[in-house]
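Before any comments, here is the structure.
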Amino acid sequence: MLILVLATDARKTGNIYIIQHFCLNYSMNDRTVVYSTYYNPMEANIIKAKLEDSGFACFLADENVATIQPLYNQAIGGVKLIVFERDVEAINALLAEDNSLSIESSDEVVDDQKLTEEQPACPKCGSKDVGFGMATKKKFSWWVILTSVLVGVFLPFKGNKSFHCYNCGHEFK
């Protein structure tokens, strides 16, 4: 069995080089496999850190290209997490039991009837198909236009917002 020392971080501090390293047991017949690929380098680093904390030797391939040039990410096939073939079953068990990356569902059930009660109805046609946003008819009030002219700003700095009915096109506050 051969002990292989890998330098993971080398920084120059004055004339002194600080090298952090770790040792892993490596035999000549151990094979590495691409365990999974990620299109988000942050997610790949989270999984890598989780595996390293659990004692598995792993590394990321194409991480720098995906981080520096995100548009090349599809072309290179994403960030690849590479592990030893002998560890695949244990890694599957570890990641299957750990659900900290999954989104937790809330216990609150959203009631559609409550949403429609809170949403205002159009005063002209009575429709509930109403949205709130930038006004289309009276975008700017007279004092905003006057202030813009006096200050010398050519575009008004504050726009009016109102409800807009998508059925009849009526705007209201």
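The values are calculated or read from the model by the stated rules, or taken from the named source; none is laboratory data. Nothing here was measured: the structure is a model prediction, and the numbers come from that model. We place every Cβ from the backbone using ideal geometry, glycine too, and count neighbours over all the protein chains shown.
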| task | Check segment 106-113 and report whether any residue there is part of a loop (DSSP other than H, G, I, E, B) and at pLDDT 90 or above. | result | no
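Let's see how each residue does on (1) at pLDDT 80 or above; (2) touching a helix residue (DSSP H, G or I) at 6+ places or on another chain (Cβ under 7 Å); (3) in a loop (DSSP other than H, G, I, E, B); (4) surrounded by 11 or more Cβ atoms within 10 Å (Cβ to Cβ):
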{"site": "Gly131", "(1), (2), (3), (4)": "yes, no, no, no"}
{"site": "Lys137", "(1), (2), (3), (4)": "no, no, yes, no"}
{"site": "Phe140", "(1), (2), (3), (4)": "no, no, yes, yes"}
{"site": "Ile145", "(1), (2), (3), (4)": "no, no, no, yes"}
{"site": "Ser148", "(1), (2), (3), (4)": "no, no, no, yes"}
{"site": "Gly159", "(1), (2), (3), (4)": "no, no, yes, yes"}
{"site": "Phe163", "(1), (2), (3), (4)": "yes, no, no, yes"}
{"site": "Asn167", "(1), (2), (3), (4)": "yes, no, yes, yes"}
| task | Kindly state which strands (runs of 3 or more DSSP E) lie completely within segment 1-69 and contain at least 2 residues that are basic (Lys, Arg), out of contact with any helix residue (DSSP H, G or I) (no Cβ under 9 Å at 6 or more places or on another chain) and at pLDDT below 95. | result | 2-13
